[in-house]
Amino acid sequence: MAKISILGAGAWGTAIAILLGNNGHEVVLWSALQAEVEQLINDRELKDKLPGIKLPSSVSVSGDIKASCVNKDLIVFAVASPFVRATAKNVSSFIAKNQIIVNVGKGIEENTLETLTDIIKDEIPQADVAVLSGPSHAEEVSRGIPTTCVVGADSKDTAHFIQDVFMSERFRVYTSPDVIGIELGGSIKNVIALAAGIADGLGFGDNTKAALMTRGIAEISRLGIAMGGKMETFAGLSGVGDLIVTCTSKHSRNRNAGFLIGQGYTMEEAMKEVKQIVEGVYSAKAALALAKKYEVEMPIVEQVNQVLFENKSALEAVSDLLLRDKRREYSELQWEK
Ligand SMILES: NC(=O)C1=CN([C@@H]2O[C@H](COP(=O)(O)OP(=O)(O)OC[C@H]3O[C@@H](n4cnc5c(N)ncnc54)[C@H](O)[C@@H]3O)[C@@H](O)[C@H]2O)C=CC1
Ligand SMILES: O=C(CO)COP(=O)(O)O
């Protein structure tokens, strides 16, 4: 049994609290949002996001950041990406040397182009920071639907510790040393999922979705490898696995926001309608900036940026993608003659 604190009580933090509480751990679920704390204390349920699913008795809820962070075996960062740096700054002085922290959020900071583990390492340099990611919608994990994820850590011992804490008969965890690959796969698939949703909203079909997913993972792996990630990671759970679930699931916030944009909503209207964090909107500019920095082509990411931030029509973006300069499927594959 481990003592665990979860920072962030949105859909994902709450689903993880339920998973870890049911695994027999002593869990504190913390939120910066008073309304979230009150709802979870009063109802033992996140009524709007995970209706009908109660917190197990092993989970307590708190708004006290210091008490939530001291004397813990593991701290889980489950806040949405725009709040990770501020939250890490807030907790830094309460974090012990070598404290294990695992980030479960997905995003890239726009002004620094840092991943969420990098941000936490910046702000809490004394901690041992890892990432857990993969195809894992909160709505399903909270109901015990079989799910698989991968934990990336700098040390094997840390990866194995987190694996043991999360593993259950309904939640299988793999380990990997490829932290950067896992972070990038989890973050940039959200931008591709916006594109997949836009295609659905425009009334396109399965061919279009398959094209976006396949060429999307080509873009993600091109950038990821240039940044030091490994091809195997992009073919794995936090690459193609998470891309599949996010581009196809009715639960996906990114796909659903994209769908509304394809139907004619503006980005702001779509985000308002979805009500929960649409991480792809926050990662889109960063992904494009990284593509420029590492000199790799990311045409889908580029078109998503133009639709989101430059008022380009979604239909025009589709034409521009299809009519780009003609290419080989993989530039590495050449004819012998
Ligand atoms: N919902 C899901 O199925 C999954 C979500 N994720 C990732 O987990 C992260 C959180 O997502 P969700 O829980 O779905 O989002 P959400 O929209 O349900 O909740 C976001 C949470 O961020 C925290 N927050 C909001 N404002 C804050 C502030 N000013 N200061 C500190 N914390 C604040 C709150 O606890 C809030 O509930 C995102 O990066 C998302 O991509 C990853 C896997 C699955
Ligand atoms: O990352 C996720 C599932 O693995 C959640 O994706 P959405 O934020 O699009 O719902």
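The values are calculated or read from the model by the stated rules, or taken from the named source; none is laboratory data. Keep in mind that what you see is a predicted model, and the values were worked out from it rather than measured. FYI the Cβ positions are ideal-geometry reconstructions off the backbone, even for glycines, and counts take in every protein chain you see. Keep in mind that these areas ignore ligands, DNA and RNA; they rest on the heavy atoms of the full protein, side chains included. Shrake-Rupley method; radii C 1.70, N 1.55, O 1.52, S 1.80 Å.
Things to note:
- Computed from backbone phi with θ = phi - 60° and the Karplus coefficients 6.51, -1.76 and 1.60, the 3J(HN,Hα) list for the range 252-262 is 5, 5, 5, 4, 5, 5, x, 4, 5, 5, x Hz; x is used for glycine and proline.
- Of all lysines in the structure, the ones whose alpha carbon falls short of 30 Å from that of K326, not counting any fewer than 8 places away in one chain, are K189, K209, K230, K285, K292, K293, K312, K337.
- Cleavage-rule hits, trypsin sites (Lys or Arg not before Pro), the range 6-79, DSSP coil, Cβ neighbours within 10 Å at most 15: R44, K47
- Extension gain for T112-E269 works out to 53.8 nm (0.36 nm per residue, less the C-alpha to C-alpha distance).
- Estimated [θ] at 222 nm from DSSP helical runs (n ≥ 4, -39500 (n - 2.57)) normalised by residues in the chain, nearest 500: -14500 deg cm²/dmol
- Reciprocal mean inverse distance between Cα atoms of the range 3-177 - Kirkwood radius, Å: 15.9 Å
- Spin-label proximity, S313 to the range 181-222 - amide N less than 18 Å from point 7 Å beyond Cα toward beta carbon: 198-204
- Between the alpha-carbon centres of the range 57-95 and the range 241-316 there is a gap of 29 Å.
- Accessible-area composition of the range 181-322, carbon plus sulfur, in percent [1.4 Å probe]: 53 percent
- Note that the range 181-322 presents 41 Å² accessible area per residue, ligands and nucleic acids not counted, probe 1.4 Å.
- Note on the chain: with charges restricted to the Cβ of Lys and Arg (+1) and Asp and Glu (-1), its dipole about the Cα centre is near 260 debye.
- Distance between the pseudo-spin-label points of S155 and D73 (7 Å out from Cα toward the beta carbon): 1.6 nm.
- The portion of the accessible surface of the range 3-177 made up by carbon and sulfur, rounded to a whole percent, is 49 (1.4 Å probe; DNA, RNA and ligands excluded).
- 0 to 90° range, to nearest 10: angle between helix 179-201 axis and the chain longest Cα axis: 60 degrees
- For the range 158-218 versus the range 102-145, the inter-centroid distance based on Cα atoms is 13 Å.
- Relative packing of peptides 190-198, 165-173, 238-246 - highest average C-beta neighbours within 10 Å first: 190-198, 238-246, 165-173
- Heavy-atom accessible area per residue - the range 3-177, 1.4 Å, Å²: 41 Å²
- Cross-link partners of K47 among lysines (Cα-Cα below 16 Å; sequence separation of 8 or more within a chain): K275
- The alpha-carbon atoms of the chain, seen along their principal axes, cover 62, 42, 37 angstrom, with the largest extent given first.
- M298, M267, reordered so the largest accessible area comes first (probe 1.4 Å): M267, M298
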